[in-house]
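What follows is a set of notes on a single structure, which appears directly below.
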Amino acid sequence: MTEKKSTNCWIISSGLIGCENQCIGLAEELNFNYEIKKINPGKILSITAPFGKPRKVRNFIEPWPKFIIGAGRKTVPYMKYLKSSLKDEIFSIFLQDPRIKTSNFDFVWAPFHDEIKGANTFSTLLSPGRISQDLIVKELTKWSDKFSNLPEPFLTILIGGKTKAFKFNKEECFYILETISRFIQDGWTPLISTSRRTPHFLKKEIKNIVRNKPHYFYDSNGENPYYAFLGISNIALVTPDSVNMISETITANLSTYIFDLKCRSKRINKFLRKLEEENFIKKINGKINKFHFEKSNATKEIADHLAKLI
């Protein structure tokens, strides 16, 4: 971790938890004293972003930060607004493809599969996030009572949902259900987390499968044991619709297996192929076992690179 700094940082957030967690993870790795600034773009700006200009934002008031971090299309107009107002008094850090010239920011990170070019850019295979040993130990301590009566071995199962690249049709849902059922029969205790994008049918049938079996099921309601899942398991089964989920299980040093779902995105297919080539992930094929791979932490890589610039 980089040396402690007493800098003030704003995280510009549109409310997308995946984007927000990327920003928080980087701010924490840099030891920034950060504050999350929520934005609420109107209908027109929500559609036109990353283009367009926000009206005066009520919660953007002095004292101004030295750094701002944002991720996601809707934060771009706000990042540009602050940079144009404060110029060199502020250092702007954007995570992901901004879909505009990278010169609008002081620094841009994007994953390799986005193929971003620019003198101020930096890329990694995995995405940044909040995974750290301190966080995992803290979450394991917090959730230990919930897991104490469950038998080992534990298997973390992360289920996303429909995106532009993945349909999650009935056939694919049945495949996911069959796979979960098979590994429960093999003696694994499933620790399952679904998302708000997970089809209702799939959530319902997963609950039916695990009803009379030792398990923990999180369905987006209540407090999330996600990081505790990653800490207590050695192996994860993950749907391939979320680059963040896959990156986090790998960063947490879990042997990661991917449900074999059809992907309609060249970018995501490129990402998944590279992960397989580097032995970071495997497709589910019969039994699952812990396997060796080189540790990787994109958040630290990005923070170490940034430390040389700031």
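The values are calculated or read from the model by the stated rules, or taken from the named source; none is laboratory data. The shown structure was predicted, so the numbers you read here are calculated from the model rather than taken from an experiment. Glycine gets a Cβ as well: all are built from the backbone with ideal geometry, and neighbour counts include every protein chain shown.
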Check: Listed residues Leu272, Leu254; which is in contact (Cβ under 8 Å) with a residue 60 or more places away in the chain and of a type outside the set (Ser, Thr, Tyr)?
Finding: Leu254
Next item on the list: Quick one: which strands (runs of 3 or more DSSP E) lie wholly within segment 1-85 and hold at least 2 residues that are within 21 Å of Ser242 (Cβ to Cβ)?
Entry: 8-13, 67-71
Notebook entry, point to check: Any residue at all in segment 204-217 that is among the hydroxyl-bearing types (Ser, Thr, Tyr) and more than 19 Å from Pro153 (Cβ to Cβ)?
Noted result: no
Item checked: Residue match in segment 93-101 (condition: within 16 Å of the chain's Cα centre (by Cα) and on the phi > 0 side of the Ramachandran plot) -> yes
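So which residues in segment 187-230 are among the aromatic types (Phe, Trp, Tyr) and not in a strand (DSSP E or B), if there are any at all?
Those that are among the aromatic types (Phe, Trp, Tyr) and not in a strand (DSSP E or B): Trp188, Phe201, Tyr226, Tyr227, Phe229.
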Item checked: Near pairs, Cβ below 7 angstrom, 6+ apart or cross-chain, from segment 31-60 (touching a residue at least 24 places away in the same chain (Cβ under 8 Å) and closer than 14 Å to Gly72 by Cβ) to any residue that is surrounded by fewer than 17 Cβ atoms within 10 Å (Cβ to Cβ) and of a type in the set (D, E, K, R) -> Pro50/Arg99
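So which of Arg99, Arg130 ends up being crowded, with 21+ Cβ neighbours inside 10 Å, out of contact with any Cys (no Cβ under 6 Å at 6 or more places or on another chain) and either basic (Lys, Arg) or outside the structural domain of Thr48 (by TED's automatic domain parsing) (or both)?
Unique residue meeting the criteria: Arg130.
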Note to self: When the residues of segment 176-186 are narrowed to those that are assigned to a helix (DSSP H, G or I) and not aliphatic (A, V, I, L, M), which ends up surrounded by the most Cβ atoms within 10 Å (Cβ to Cβ)?
What the structure shows: Phe183
Notebook entry, point to check: Is it fair to say Thr124 is surrounded by 18 or more Cβ atoms within 10 Å (Cβ to Cβ) and out of contact with any helix residue (DSSP H, G or I) (no Cβ under 8 Å at 6 or more places or on another chain)?
Noted result: no
Next item on the list: Scan segment 24-48 for residues that are crowded, with 17+ Cβ neighbours inside 10 Å and charged (D, E, K, R) and jot them down.
Entry: Glu28, Glu29, Lys37
